[in-house]
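Worksheet for the structure shown next.
The values are calculated or read from the model by the stated rules, or taken from the named source; none is laboratory data. Since the structure is predicted, the reported quantities are computational estimates derived from the model, not experimental observations. A quick note on method: Cβ atoms are made from the backbone with ideal geometry, for glycine too, and the neighbour counts reach across all protein chains shown. Surface areas here come from the heavy atoms of the whole protein model, side chains and all, with no ligands, DNA or RNA. Shrake-Rupley method; radii C 1.70, N 1.55, O 1.52, S 1.80 Å.
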Amino acid sequence: MIGGAALVAFLTVNYLIVPAVSSHLQVRSEYRENLQALERFQLVVEGKRRYEKKFADAEQLFTELQQQLLPGEKVAVAAADLQAMLHKAAGEAGVTIVSESIHSPKKAEGFTQVSVELSLNSDLKKLRDFIYKIESSRKLLTVPKLSLNAAYPRVGAELQVTVVVSGYTSAQEEKG
């Protein structure tokens, strides 16, 4: 009887309990490995989302910057658009344009710089308003040159002004 009970206990331990414990330990080990793999994949997915957001932000910034460039497929169209903007700003500020000329386009860090030189008659307040309109334009405009000549410096006196205003376009220079 005792031998039979020992045999049943031995068989139970060898064929039921030991495999169950071994299987349980193996499942627990695989679970830990799979959990670690899942955590690594979640970090990869989170990193992907972060880079997708950075890419979307960069795309939006690029679109905003593209809108600040002068439009047109050709430099001549961009120059004409710049002239129209300057005439409008001069009219709104009360500045008189005496003469104007378009400078040769120049390459500037991946863009083409289009410049217009204006000779103006204006008093100081109107000139300030004109420059402000240029600076607050929706387009990226710069004033690389501004020179004043006052024959009789007094308040409200007319000034002879030479100003160069530059805008930027992605259009290529025409070969001619």
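Details
- Rounded to the nearest 20 debye, the dipole size of region 1-120 about its Cα centre is 580 debye, using +1 on the Cβ of Lys and Arg and -1 on the Cβ of Asp and Glu.
- Structure-derived Cα extents along the principal axes in Å - corresponding label in (1) 131, 45, 21; (2) 49, 34, 32; (3) 56, 36, 27: (1)
- Separation in nanometres of the label points that stand 7 Å from Cα toward Cβ, at residue 51 and residue 146: 4.6 nm
- Positive-pole candidate from 37, 6, 71, dipole of the chain, charges at beta carbon: 6
- Separation between Cα centres of region 54-81 and region 115-133, rounded to whole Å: 25 Å
- Solvent-accessible area of residue 107 with every protein chain in place, 1.4 Å probe, in Å² to the nearest 10: 120 Å²
- As a calculated quantity, the FRET efficiency between residue 102 and residue 132 at R0 = 35 Å, using C-beta atoms, amounts to about 0.90.
- Number of Lys pairs (Cα under 19 Å; 8 or more positions apart or on different chains) in region 39-176: 18
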